[in-house]
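Have a look at the structure below before the remarks.
The values are calculated or read from the model by the stated rules, or taken from the named source; none is laboratory data. For clarity, every value in this text was computed on a predicted model and none was experimentally measured. Positions of Cβ are backbone-derived with ideal geometry, glycine not excepted, and every protein chain shown enters the neighbour counts.
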Amino acid sequence: MLRFLTAGESHGPALTVIVDGVPAGLPLVAADDIDPWLRRRQSGYGRGQRMVIEQDRATLKGGVRAGRTTGSPLALEIVNRDWQNWLEIMAPEPGNEPRRRALTEPRPGHADLSGGIKFGHKDLRDVLERASARETAARVAAGSVALKLLAELGIDASARVVSMAGVDCDGGMDWDRLAALDESPLRTFDQEAEDRIIDRVDEARERGDTIGGVVEARFRNVPVGLGTYTQWDRKLDGRLAQAVMSIQAMKGCEIGDGWRNATLPGSSVHDAIVGAGDARYQRASNRSGGLEGGMTNGEELVVRAAMKPIATLMQPLQTVDVVTHKPVAASRERSDVTAVPAASIVVLAMCAFVLADAVTEKFGADSLREIKASLAAHREYAAAY
């Protein structure tokens, strides 16, 4: 029901996003609903100079009139301010041979070599410009529309870091302190761990190295029954995992306590169903992360992702030049020491988009008014089941 496509290169003039399937009547103002998420994506301790140059803002080019969506596809543009420094290098017109800033030393851990072989490029800039994590700005723009839709339906969302540089910083979720995550340079509630992680980031910077971590996207007030058990490609956990694993540098995904649950007996894993007050069905715990059998069960939806260290190292690893075929040091592009806090926003955006798609799939997609009415009736039905 919901889908999006992105286009554009890291140092091209702009990133473009087309979002299709957004219901009519959704209040949407770029400065209020999209740009704050773009700023969150750019923040976080360990980012590089690119974040100083870019001040991402989205411009709505279609699908919104008088502050509300029309039901037509949304068109959004995010201008790359750094484009001015790359006009000749990235110009689409012919005649800029020999190419300036050509890259022939593929970076281990990046798309450079595989992409060059796949598409026949010897200048690997033709690969890295699109494979770059700069593309995630477009994803966050699309995801912010989904987050706005979920918020209109009473579904809350949060993104945070739970482990970084080998230091655990998961002190538990606190929905009443979401503002503290925006104030934290690492998007964590754990101040003590934050100080230790910052020291490790500084040490990695001195070594010319990079670090990774684990991030979490969490949603509450999620209705029961999003997704289905009936076909493999419609199970919500599978859809979420695919969305998360499509993000640059992500190498693992779990729902709830996925990896830990694999080490425990079933009696210590599955969430007992209990009655509490007016609620007929509640869970005594939420180790399943709000998903059972490919469907949401009404508990908080918890998705975690493991991000590897960034592949561009200021002290590069060995590689082989694709033109001379001689051993060389890998290419060094301007890079971050880490982007784990920013990655939490990207993971949240992608999960929100999948969740919003599942909402429109179950409750309709033509107008926000229809979705709200259908969702309210479903919540009443589920409570009385």
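Give the number of residues within region 252-267 that are loosely packed, with under 15 Cβ neighbours inside 10 Å and either within 19 Å of Asp170 (Cβ to Cβ) or touching an Asp or Glu at 6+ places or on another chain (Cβ under 9 Å) (or both).
So the first thing to find is which residues in region 252-267 are loosely packed, with under 15 Cβ neighbours inside 10 Å, and the list is 259-260, 262-267.
Next cut, either within 19 Å of Asp170 (Cβ to Cβ) or touching an Asp or Glu at 6+ places or on another chain (Cβ under 9 Å) (or both) only: 259-260, 262-264.
Residues flagged as loosely packed, with under 15 Cβ neighbours inside 10 Å and either within 19 Å of Asp170 (Cβ to Cβ) or touching an Asp or Glu at 6+ places or on another chain (Cβ under 9 Å) (or both) within region 252-267 amount to 5.
Of the residues Arg207, Arg234, Arg220, Arg187, which is basic (Lys, Arg), buried (at least 20 other Cβ atoms within 10 Å of the Cβ) and touching a residue at least 40 places away in the same chain (Cβ under 8 Å)?
Values: Arg207 fails: buried (at least 20 other Cβ atoms within 10 Å of the Cβ); Arg234 fails: buried (at least 20 other Cβ atoms within 10 Å of the Cβ); Arg220 fails: buried (at least 20 other Cβ atoms within 10 Å of the Cβ).
That would be Arg187, the only listed residue that is basic (Lys, Arg), buried (at least 20 other Cβ atoms within 10 Å of the Cβ) and touching a residue at least 40 places away in the same chain (Cβ under 8 Å).
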- Query: Which residue pairs have Cβ atoms closer than 6 Å, lie 6 or more positions apart in sequence or on different chains, and pair a first residue in region 262-283 that is of a type in the set (Gly, Ala, Ser) with a second residue that is assigned to a strand (DSSP E or B)?
  - Reply: Ala276/Gln282
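Residue by residue through region 8-35, note down the ones that are small (Gly, Ala, Ser) and either surrounded by 22 or more Cβ atoms within 10 Å (Cβ to Cβ) or over 19 Å from Ile345 (Cα atoms) (or both). Talk me through it step by step, then tell me what you get.
Here is the first cut: in region 8-35, the ones small (Gly, Ala, Ser) are 8, 10, 12, 14, 21, 24-25, 30-31.
Result: Gly8, Ser10, Gly12, Ala14, Gly21, Ala24, Gly25.
Name the one entry in Arg40, Arg3 that is among the basic types (Lys, Arg) and more than 21 Å from Leu74 (Cα to Cα). Quick ask: steps written out before the conclusion?
Numbers: Arg3 fails: more than 21 Å from Leu74 (Cα to Cα).
Exactly one of Arg40, Arg3 is among the basic types (Lys, Arg) and more than 21 Å from Leu74 (Cα to Cα), namely Arg40.
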- Taking Thr296 as the residue in question, decide whether it is under 24 Å from Leu236 (Cα atoms), polar (S, T, N, Q), crowded, with 16+ Cβ neighbours inside 10 Å and within 30 Å of the chain's Cα centre (by Cα). yes
- Item | Filter result for the condition that a residue is at pLDDT below 95, part of a helix (DSSP H, G or I) and more than 20 Å from Leu178 (Cβ to Cβ), over Ala373, Ala358, Ala383 | Ala383
- Out of region 295-326, which residues are farther than 22 Å from Ala159 by Cα, modelled with pLDDT of 95 or more and part of a loop (DSSP other than H, G, I, E, B)? Asp321, Val322, Val323, Thr324, His325, Lys326
- Note on the structure: Of the listed residues (Arg160, Arg200), the one being closer than 30 Å to Leu5 by Cα and of a type in the set (D, E, K, R) is Arg160
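In region 207-224, what residues are within 21 Å of the chain's Cα centre (by Cα) and small (Gly, Ala, Ser)? Break it down into steps so the answer makes sense when it comes.
The initial filter retains those residues of region 207-224 that are within 21 Å of the chain's Cα centre (by Cα), namely 210-222.
The answer is Gly212, Gly213, Ala217.
Residues are listed down the side, and each one gets a yes or a no for (1) among the basic types (Lys, Arg); (2) without any contact (Cβ under 8 Å) to a residue 40 or more places away in the chain:
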{"residue": "Thr319", "(1), (2)": "no, no"}
{"residue": "Pro327", "(1), (2)": "no, yes"}
{"residue": "Ile345", "(1), (2)": "no, no"}
{"residue": "Cys351", "(1), (2)": "no, no"}
{"residue": "Arg369", "(1), (2)": "yes, no"}
- Task: Take Ser344 and decide whether it is touching a helix residue (DSSP H, G or I) at 6+ places or on another chain (Cβ under 6 Å) and part of a helix (DSSP H, G or I).
- Result: no
- If you check Phe189 against the conditions, is it farther than 16 Å from Met164 by Cβ and in contact with a Cys (Cβ under 9 Å, 6 or more places away or on another chain)? no
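Condition first: of a type in the set (D, E, K, R) and surrounded by fewer than 16 Cβ atoms within 10 Å (Cβ to Cβ). Now tell me which residues in region 40-80 satisfy that.
Answer for region 40-80, where residues must be of a type in the set (D, E, K, R) and surrounded by fewer than 16 Cβ atoms within 10 Å (Cβ to Cβ): Lys61, Arg65, Arg68.
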- Just for region 355-382: of the residues that are within 16 Å of Arg3 (Cβ to Cβ) and of a type in the set (Gly, Ala, Ser), which one is nearest to the chain's Cα centre (by Cα)? Ala356
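When region 107-153 is examined, which residues are found to be part of a helix (DSSP H, G or I), surrounded by fewer than 17 Cβ atoms within 10 Å (Cβ to Cβ) and within 24 Å of the chain's Cα centre (by Cα)? Give the steps one after another, and end with the answer.
Taking region 107-153 and keeping what is part of a helix (DSSP H, G or I), we get 112-119, 125-131, 133-152.
From what is left, the residues that are surrounded by fewer than 17 Cβ atoms within 10 Å (Cβ to Cβ) are 114, 117-119, 151-152.
Answer for region 107-153, where residues must be part of a helix (DSSP H, G or I), surrounded by fewer than 17 Cβ atoms within 10 Å (Cβ to Cβ) and within 24 Å of the chain's Cα centre (by Cα): Ser114, Ala151, Glu152.
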